1. Could you give the distance between the Cα centres of the range 331-389 and the range 202-250, to the whole Å?
2. Contact order normalised by length for the range 232-414, with contacts defined as Cα pairs under 8 Å and 6 or more residues apart; what percent is it?
3. For labels at residue 84 and residue 411 in the simple 7 Å Cα→Cβ model, what's the distance in nm?
4. Test of understanding: extend the Cα→C-beta vector of residue 314 to 7 Å, then name every residue of the range 340-357 with backbone N under 11 Å from that spot.
5. Order by neighbour count: 160, 190, 301, fewest other Cβ atoms within 10 Å first, most last.
6. Just want the ordering: 75, 253, from fewest to most Cβ atoms lying within 10 Å of their own Cβ.
7. Can you figure out the FRET efficiency of residue 329 with residue 99, using R₀ = 51 Å and their beta-carbon distance, to the nearest 0.05?
8. Where does each of 236-242, 147-153, 42-48 land if you order them by average Cβ count within 10 Å, highest first?
């Protein structure tokens with residue numbers, strides 16, 4: 001449950017540096033092959049043990065990898081065959097750069113690519129550019145990684161493109177099975193080393209389903225569009241310039257309703273604020289690596305009280321702190337929708353099935369929690385997170401160029 005905010009170590013770069021990064025990749029690409037700029041990237045997505053995992057190939061000849069989709073991360077990384085002493089269990093063979101004719105290491109003196117990856121442990125002029133990544137919050141770390149920055153050819157369907165990515169060799173996991181057999185993470189955040197930024201596109205979409213037998217798709221580029229029908233569009237909040245907050249997708253949540261009842265929550269409860277010169281807290285982020293929803297505590301308490309009032313006779317006794325509220329699985333149809341109100345007047349309606357999850361054969365439980373649970377500290381204890389379960393069976397379009405995110409109800413298992 002506690003899939004908390006990705007805190008990726010990366011440098012804050014301006015748009016000019018981002019353009020330089022793509023130029024640097026083009027130079028490396030020209031040395032390796034005559035690849036054209038990718039027009040679009042489409043990759044299959046499947047649900048696995050709480051994660052949404054996509055598949056593509058790396059290298060020449062291509063080696064298959066499976067990566068968790070993470071819109072809160074600014075880095076693409078995969079486990080390398082050189083991992084030592086800690087390697088994670090994964091379903092596919094580890095990516096081996098020695099078996100790829102198109103693989104290159106990025107040296108420390110590459111000021112564009114290495115600066116974007118935060119070269120924390122460079123030891124000499126010709127040393128490999130070292131990178132580090134961490135996922136978790138204070139006291140609840142999911143993984144802690146170190147490796148080097150490499151460049152290789154990525155294949156998405158018939159499209160090929162050269163990408164800079166992390167080749168991780170030192171991996172520490174909160175739980176050995178935490179990645180569910182995946183090879184790594186595909187970062188789709190706003191950072192310069194995210195897949196979206198490196199491809200030079202400003203749009204991407206996905207449609208999540210928790211049907212284990214279904215396949216949906218991640219689409220990056222001009223093909224990322226919504227279909228006919230009602231659409232809820234929400235502007236992004238301007239990011240702080242400091243890392244890692246500059247890579248996240250913030251939205252202007254101002255209130256909640258349970259059914260037709262507006263909750264008495266101060267609008268300021270959802271505000272983002274600077275807690276110290278390098279620390280921002282509060283605000284609301286959209287995330288795909290966190291499955292459930294975390295609300296700032298005052299909002300959670302208001303939600304809990306209203307749900308208890310409306311669902312009083314249907315609530316079942318629980319034997320654990322998490323989850324707090326459950327109903328018989330046949331009663332989920334009586335659960336009112338949860339409405340998210342945003343600052344521009346947009347409302348996103350979450351049906352019961354998007355915030356109550358089947359957790360046993362006979363019961364369905366509310367999977368919205370307080371950000372202050374389990375002794376979390378700043379910035380997580382004041383931050384609201386809209387996780388992937390809240391987004392299921394919605395076609396979600398990120399339009400970074402327009403500065404907005406859009407949601408459209410969809411049957412994701414058939415897309």
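1. If you average the Cα positions of each part, the centres end up 19 Å apart.
2. Details: 367 pairs, mean separation 52.1, N = 183.
It comes to 28 percent, rounded to a whole number.
3. 5.3 nm
4. Once the point is set 7 Å along Cα→Cβ of residue 314, 352-353 turn out to lie under 11 Å by backbone N, inside the range 340-357.
5. Details: 160 18, 190 21, 301 15.
Placing the least packed residue first, the sequence is 301, 160, 190.
6. Details: 75 31, 253 26.
The fewest-first ordering by Cβ neighbours comes to 253, 75.
7. On the way: r = 48 Å, r/R0 = 0.95.
After rounding to 0.05, the efficiency reads 0.60.
8. Values: 236-242: 15.1, 147-153: 24.6, 42-48: 19.0.
Output ranking for 236-242, 147-153, 42-48: 147-153, 42-48, 236-242.
Here, each number is a calculation from the coordinates, and none is a lab measurement. Since the structure is predicted, the reported quantities are computational estimates derived from the model, not experimental observations. Don't worry about glycine lacking a Cβ; one is built from the backbone with ideal geometry, like all the others, and counts go over all protein chains shown.
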